[in-house]
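Readers should treat all values here as calculations from the given coordinates under stated rules, not as data from a laboratory. Here the structure is a predicted model, which means the values were calculated and not measured. Glycine gets a Cβ as well: all are built from the backbone with ideal geometry, and neighbour counts include every protein chain shown.
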Amino acid sequence: MNTLTHQDLKPLPPPLEDPQRRARLLAALYAAQDQAGWLSPEAVQEVADSLHIPVGQVLSTASFYTMFRLEPKGRYHIQVCEGLSCYLVDGAETLLEHIARTLGIAPGQMTPDGKFTLEVVQCLASCGTAPAMRVNDELYEHMTPDRMDALLERLKGE
Amino acid sequence: MFEPVLTRHVHLPASEKITTYLENGGYTAVRRALEKSPEEIIDMVKRSGLRGRGGAGFPAGVKWGFMPRDPSIPKVVVINADEGEPGTFKDRMLIERDPHQIIEGVIIAAYAVGASRAYVYIRGELSLAARRWVEAIAEAYEHGFLGRDILGSGMSLDMEVHRGAGAYICGEETALIESLEGKRGQPRIKPPYPAQTGLFGLPTLVQNVETLACVPHIIERGPEWFASIGTAESKGPKIFSVSGHVNRPGNYELPLGVSLREIIYEHAGGIRGGRKLKAVIPGGASTPMLTAEQIDVPMAFETLRAVGSELGTGAVVVMDETTCMVEVARRQAKFFAHESCGRCTPCRIGSVRLYELLDRIEQGQGRAGDIETVLELTRGIDGLTFCPMGAALVNPPRSAIQHFRAEFEYHLEKGVCPLH
């Protein structure tokens, strides 16, 4: 698997050919992001140094993909699907409004304590088990406001 | 009675393990395949009539035949597991629950086209699938199905997992290749096709997960068996993802050519709450919607085209009489505006303008002539982009206006939605 841990992010010896080196970029960005929760300018520089590619190329790639965060995010990153199928089962809108009201933040924002960020995302390939959402890397299906409350309570306590 | 083959393992306990797969007859097709010549395999896939299950429906055997035969050129197989077409959740089920069925298909495909490296590109959001594939690939190496001299055949194949990172466009094969190379996922102009110049400039075969899942069964049961299922131009079993206003949403494996009516009313249990059916998207967000009167259409490439739509990924999104079609068009336009990669102006700008127009119509702020402007915009996008996304994103508003124009006009005249 082309996955790196943070310890792997040291300068690589040069014999890797250029295209192969850049092909490790997404995996390296994941490794750096997993470390700090987001890609700080220092983390981006670290990735560039470890793969021997220009920092501009790293930013060019990182800024293209929605899963790479170039600004700080909460410890729990809530991603609510607003796709058509989630909308049709009265999920997307209801869930999103409920979470926004409970946490007191709008989509795109973070709670003042840095614990939660709320984001609207596109189809999560869970249309048959809609409404769907993710918290960090974990998928939640058949979500309701009640189940959301229970989940938020648990996360608040952690 | 149709017997499911692609999904036959997915409900077994520990279905993702190689032991489960082997106990249920897995990895026998690859042994048979390695006894044949690569040319025979390609010929079998051609004769089976298998067409790509990722949306475009290109004949798989023909695609394999495009790969150069020269053994001195290194070649690559890429598994497209970047499922992101709204409404579609079949590939997620296959890669999470039965990875070895796909790996077996990949080994056979790699043998047929002479590839020695395989990359599986898994959509970033599908974390569980990525974890399972790391394990599944390790298991396949341990059992001698990957690595040097596979099953004593002299063939070698290495495979690794790459995760995407949130970009719908990477489901398009050249954008996927760019992403694998660590770049922004923007499609390349074709030609050259990946079979000539793909990943790292090498000849590359890119195939969808469900397409590869069909391959072991074609080898095992023969191309004639596969071609006996389906319609004149659409062969084999197909997984239909059904979502929206149905009683039993889910994945249903059925023969191609099954009617939309049978899928909705027999397999998915009919419309929730006994309401009336209003519209159906037959093949994922990119395909034009159909009305309740059109659901006797067989779900096949040629028959859906004949009624002005597409089979796409076979993702059926069902909408009942309470659904506002302006909102449906608006929501889909928002999706495409968000997912445009930004390379081609008609798609980059047009997708946003379409969303703005549909949004203001839905909000009751529309102006006289907005419907015509929407249609004019679609003509300025369709066919004028590098990749098929331009042609795809015009389908929802065009088909919604074609079938439900009065609903758009009501929004414009009254400034409110008749349904909300």
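Below is a table of values for the structure above.
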{"item": "Pairwise Cα inverse-distance average, inverted: Kirkwood Rh of chain B (Å)", "result": "22.1 Å"}
{"item": "Positive-pole candidate from B:Thr204, B:Gln186, B:Met44, dipole of the range B:18-227, charges at beta carbon", "result": "B:Gln186"}
{"item": "Contact order normalised by residue count of the range B:325-414, Cα under 8 Å, 6+ apart, percent", "result": "37 percent"}
{"item": "Likely footprinting exposure, B:Trp133, B:Trp225, fewest C-beta neighbours within 10 Å first", "result": "B:Trp225, B:Trp133"}
{"item": "Inter-probe distance in nm under a simple model that places probes 7 Å from Cα toward Cβ, at B:Ala368 and B:Asn24", "result": "6.3 nm"}
{"item": "For A:Arg75, distant residues with modelled amide H under 5 Å away", "result": "A:Lys115, A:Phe116"}
{"item": "Reduced Cα scattering model of the range A:1-111, Debye log10 I(q)/I(0), q = 0.11, 0.22 Å⁻¹", "result": "-0.47, -1.11"}
{"item": "Lysine pairs within chain B, Cα separation less than 14 Å, 8 or more sequence positions apart or different chains", "result": "4"}
{"item": "Distance in nm between pseudo-label sites at A:Thr5 and A:Glu153 (7 Å out along the Cβ direction from Cα)", "result": "3.7 nm"}
{"item": "Local net charge near B:Ala406, Cβ-Cβ under 12 Å (Lys/Arg +1, Asp/Glu -1)", "result": "-1"}
{"item": "Inter-chain Cβ neighbour average for residues A:84-96, partner chain, 10 Å", "result": "5"}
{"item": "MRE, 222 nm, helices only [DSSP H, n ≥ 4, -39500 (n - 2.57), over chain A, to nearest 500]", "result": "-12000 deg cm²/dmol"}
{"item": "Phi-based couplings in Hz for the range B:224-230 (Karplus 6.51, -1.76, 1.60; Gly and Pro marked x)", "result": "5, 4, 4, 6, 7, 9, x"}
{"item": "For the range A:76-157, the Rg and Dmax computed from alpha carbons only, in angstrom", "result": "11.5, 35"}
{"item": "Residue order, fewest to most surrounding Cβ atoms within 10 angstrom, among B:Lys414, A:Lys156", "result": "B:Lys414, A:Lys156"}
{"item": "Amide H within-cut-off set for B:Val78, under 5 Å, with H built and near neighbours excluded", "result": "B:Tyr119, B:Leu205, B:Val206, B:Gln207"}
{"item": "Equivalent ellipsoid semi-axes, the range A:6-62, via Cα gyration tensor eigenvalues times 5, rooted, Å", "result": "17, 12, 9"}
{"item": "Residue-span extension gain [B:His420 to B:Ala14] - 0.36 nm each, minus C-alpha spacing", "result": "141.6 nm"}
{"item": "Debye, to nearest 20: dipole size of the range B:242-395, +1 on Lys, Arg Cβ, -1 on Asp, Glu Cβ", "result": "360 debye"}
{"item": "Cα centre as origin, Lys/Arg/Asp/Glu Cβ charges: the range B:358-420 dipole, Debye", "result": "60 debye"}
{"item": "Karplus-derived 3J(HN,Hα), 6.51/-1.76/1.60, for each residue of the range B:82-97, Hz, glycine and proline x", "result": "9, 4, x, 5, x, x, 9, 8, 7, 5, 4, 4, 5, 6, 6, 9"}
{"item": "Between the range B:167-197 and the range B:348-420, the Cα center-to-center distance that results, in Å", "result": "29 Å"}
{"item": "Interatomic Cα distance distribution for the protein assembly as shown, bins of 20 angstrom, percent", "result": "21, 56, 23, 1"}
{"item": "Within chain B, helix-based [θ] at 222 nm, where runs of 4 or more DSSP H residues each add -39,500 (n - 2.57), nearest 500", "result": "-12000 deg cm²/dmol"}
{"item": "Where only C-alpha atoms are counted, convex hull volume of the range B:18-227 per residue in Å³", "result": "111 Å³"}
{"item": "Contact order relative to length of the range B:179-252, as percent, for alpha carbon pairs under 8 angstrom and 6 or more apart", "result": "12 percent"}
{"item": "Pairwise label distance in nanometres, B:Lys190 with B:Glu409, each label 7 Å out on the Cα-Cβ vector", "result": "4.1 nm"}
{"item": "Total formal charge among the other residues, if their Cβ is under 12 angstrom from that of B:Ala175, Lys/Arg +1 and Asp/Glu -1", "result": "-1"}
{"item": "Average Cα contact separation per residue, the range B:262-407, under 8 Å, 6 or more apart, as relative contact order %", "result": "24 percent"}
{"item": "Net +/- balance of residues flanking B:Gly274 in space, Cβ distance below 15 Å, scoring K and R +1, D and E -1", "result": "+3"}
{"item": "Amide hydrogen neighbours beyond the local backbone of B:Leu290, cut-off 5 Å, H modeled", "result": "B:Val280, B:Ile281"}
{"item": "Residues B:Ile239, B:Ile122 arranged by fewest to most Cβ contacts within 10 Å", "result": "B:Ile239, B:Ile122"}
{"item": "Whole-Hz ³J(HN,Hα) from phi, Karplus 6.51 cos²θ - 1.76 cosθ + 1.60, for the range B:389-397, glycine and proline x", "result": "5, x, 5, 6, 6, 7, 5, x, x"}
{"item": "Charge dipole (the protein assembly as shown, unit charges on Cβ, about Cα centre) - positive-most of A:Ala125, B:Cys344, B:Val280", "result": "B:Cys344"}
